[in-house]
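The values are calculated or read from the model by the stated rules, or taken from the named source; none is laboratory data. Here the structure is a predicted model, which is why all the values come from computation and not from measurement. Here the Cβ positions follow ideal geometry from the backbone for every residue, glycine too, while neighbour counts run over all protein chains shown.
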Amino acid sequence: MEKTAVIQEAYDLGGADLKVEKFGSGHIHVTYLVTAGDAKYIFQAFNKNVFKFPERISANHQILSQYIEGSSLQFILPLPIKNLHGEYFTEQEGQLYRLFDFVEGTTKDAVDLPIHAQLAAEAFAAFNKNFLNVPTEKLQEPIPDFHHLILRYQQLQTSFENTQLILEPDVEALLDFYLDQTELLEQYQKYQKSLPLRATHSDTKINNLIFDHGMTKVNALIDLDTIMPGYIFYDFGDLVRTVACAEDESSQEWGKIKVDMEKYAALLAGFCAPLFGFVSNEEIRSLPFGGEMMTYIMGLRFLADYLNGNVYYTIHYPEQNLHRARNQRELLISLMDNREAIAFRLEETLANLGIKR
């Protein structure tokens with residue numbers, strides 16, 4: 001069935017003539033801009049190969065919708081518009097579709113200025129704060145064990161045991177590096193025992209925010225499919241990995257891959273401020289671990305995928321996942337080398353908020 005017919009049949013858009021055109025550059029769902037008279041919408045063909053449990057996403061969105069009403073959020077959380085049957089998803093000929101209100105603004109794949117990093121961190125932390133009272137036992141995992149560090153470590157071990165590749169010395173050295181980071185595994189297990197689960201966004205990349213055109217504020221926080229129970233440091237950590245690195249995750253400029261401390265400090269300032277007084281000091285002090293853990297877990301996943309024959313991540317050449325894993329190793333080493341400076345920046349941030357050691 002044509003997309004226009006799906007929209008007209010499933011949604012009440014006032015009978016206006018529709019214009020449907022491809023929109024954006026997303027890698028998971030196929031997205032279209034729909035113009036209906038003076039109104040605009042985002043229409044998506046949903047990727048069931050990546051998200052195998054769409055019913056879990058709908059259930060989570062239903063829970064979140066109850067906590068958005070009357071919230072103090074200063075930006076929009078665009079959940080899908082329910083169709084004429086009161087459902088978030090519309091199914092036609094085996095394909096799932098969704099419709100969203102269009103939010104005007106600018107999206108970025110990277111930020112140049114620390115103030116933009118701070119705005120991003122404030123938005124994601126405000127999201128965390130707004131949903132602190134969500135009973136996490138009612139939230140479901142759209143992607144099971146998405147950020148489970150122990151499992152990802154075990155998956156790399158299994159990939160190594162079963163790989164069909166003949167490993168060159170540099171690959172063996174990279175593998176040894178990742179398998180040697182047991183300190184991070186031990187710290188993760190400690191936090192599992194001591195920290196509460198929260199409703200987390202779980203994919204806090206900068207391009208999941210829509211800024212106003214002047215980049216002075218956040219208009220919307222999008223891509224709410226990965227909302228699930230997690231730890232606050234997950235969301236901060238993925239911001240560190242994707243925002244506070246001097247190079248992006250595809251870079252092979254090995255000598256340039258390092259933590260940008262000015263952006264890191266901006267992320268700390270932005271993330272801590274909304275949560276001050278609403279989460280425990282231990283949760284706040286776990287944030288630097290999140291930067292290391294999320295960098296580490298992505299390195300584990302990239303390297304495992306390379307050993308498995310590049311079956312998960314889209315690649316443009318055979319060694320790309322190997323290079324991504326090396327990239328993440330360089331960032332992780334930089335984060336570890338800067339632990340003292342990061343700890344100082346955290347204490348400085350907390351002191352400014354009135355929190356004393």
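When R301, R339, R285, R324 are checked against the criterion of being of a type in the set (D, E, K, R), crowded, with 22+ Cβ neighbours inside 10 Å and either assigned by TED's automatic domain parsing to the domain that holds F160 or within 24 Å of the chain's Cα centre (by Cα) (or both), R324 stands alone in meeting it. Applying the condition of being in contact with a helix residue (DSSP H, G or I) (Cβ under 6 Å, 6 or more places away or on another chain) and either touching a residue at least 60 places away in the same chain (Cβ under 8 Å) or hydroxyl-bearing (S, T, Y) (or both) to segment 139-152 and asking which residue is surrounded by the most Cβ atoms within 10 Å (Cβ to Cβ) yields H147. Kindly indicate whether any position in segment 270-277 is out of contact with any helix residue (DSSP H, G or I) (no Cβ under 6 Å at 6 or more places or on another chain), without any contact (Cβ under 8 Å) to a residue 24 or more places away in the chain and under 14 Å from L132 (Cα atoms). The answer is yes, given that some residue of segment 270-277 is out of contact with any helix residue (DSSP H, G or I) (no Cβ under 6 Å at 6 or more places or on another chain), without any contact (Cβ under 8 Å) to a residue 24 or more places away in the chain and under 14 Å from L132 (Cα atoms).
Looking only at helices (runs of 4 or more DSSP H) that lie completely in segment 192-309, which have at least 2 residues being of a type in the set (F, W, Y) and at pLDDT 95 or above? Can you show your working first?
Working: elements: 232-243, 261-275, 281-285, 287-307.
Helices (runs of 4 or more DSSP H) meeting the threshold: 232-243, 261-275, 287-307.
In segment 51-104, the residue that is nearest to K22 (Cα to Cα) out of those that are aliphatic (A, V, I, L, M), under 18 Å from the mean Cα position of the chain (by Cα) and not in a strand (DSSP E or B) is L79.
Of the candidates L79, L84, the single residue that is among the hydrophobic types (A, V, I, L, M, F, W, C), in contact (Cβ under 8 Å) with a residue 12 or more places away in the chain and under 23 Å from K217 (Cα atoms) is L79.
Looking for something of a type outside the set (D, E), part of a strand (DSSP E or B), more than 22 Å from D238 (Cα to Cα) and out of contact with any strand residue (DSSP E or B) (no Cβ under 7 Å at 6 or more places or on another chain) - is there at least one such residue anywhere in segment 114-133? Reasoning before the result, please.
Here is the first cut: in segment 114-133, the residues of a type outside the set (D, E) are 114-121, 123-133.
Keeping just the survivors that are part of a strand (DSSP E or B) gives none.
Checked segment 114-133: no residue is of a type outside the set (D, E), part of a strand (DSSP E or B), more than 22 Å from D238 (Cα to Cα) and out of contact with any strand residue (DSSP E or B) (no Cβ under 7 Å at 6 or more places or on another chain).
Checked against (1) under 20 Å from the mean Cα position of the chain (by Cα); (2) in a helix (DSSP H, G or I), E137 passes all but condition (1).
Would you be able to say whether some residue in segment 164-176 is surrounded by 12 or more Cβ atoms within 10 Å (Cβ to Cβ) and polar (S, T, N, Q)? No, every residue in segment 164-176 fails to be surrounded by 12 or more Cβ atoms within 10 Å (Cβ to Cβ) and polar (S, T, N, Q). Remark: pairs (first residue in segment 159-175, of a type in the set (S, T, N, Q); second residue assigned to a loop (DSSP other than H, G, I, E, B); Cβ separation under 6 Å; 6+ apart in sequence or on different chains) = S159/N308.
Residues that are among the β-branched types (V, I, T) and under 22 Å from the mean Cα position of the chain (by Cα) were ranked within segment 179-219; the one that is nearest to F75 (Cα to Cα) is V218.
Residue-wise test of (1) of a type in the set (A, V, I, L, M, F, W, C); (2) assigned by TED's automatic domain parsing to the domain that holds A220; (3) modelled with pLDDT under 90; (4) surrounded by 18 or more Cβ atoms within 10 Å (Cβ to Cβ).
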| residue | (1), (2), (3), (4) |
| --- | --- |
| K22 | no, no, no, no |
| A36 | yes, no, no, yes |
| F46 | yes, no, no, yes |
| S65 | no, no, no, no |
| E69 | no, no, yes, no |
| N83 | no, no, no, yes |
| L119 | yes, yes, no, yes |
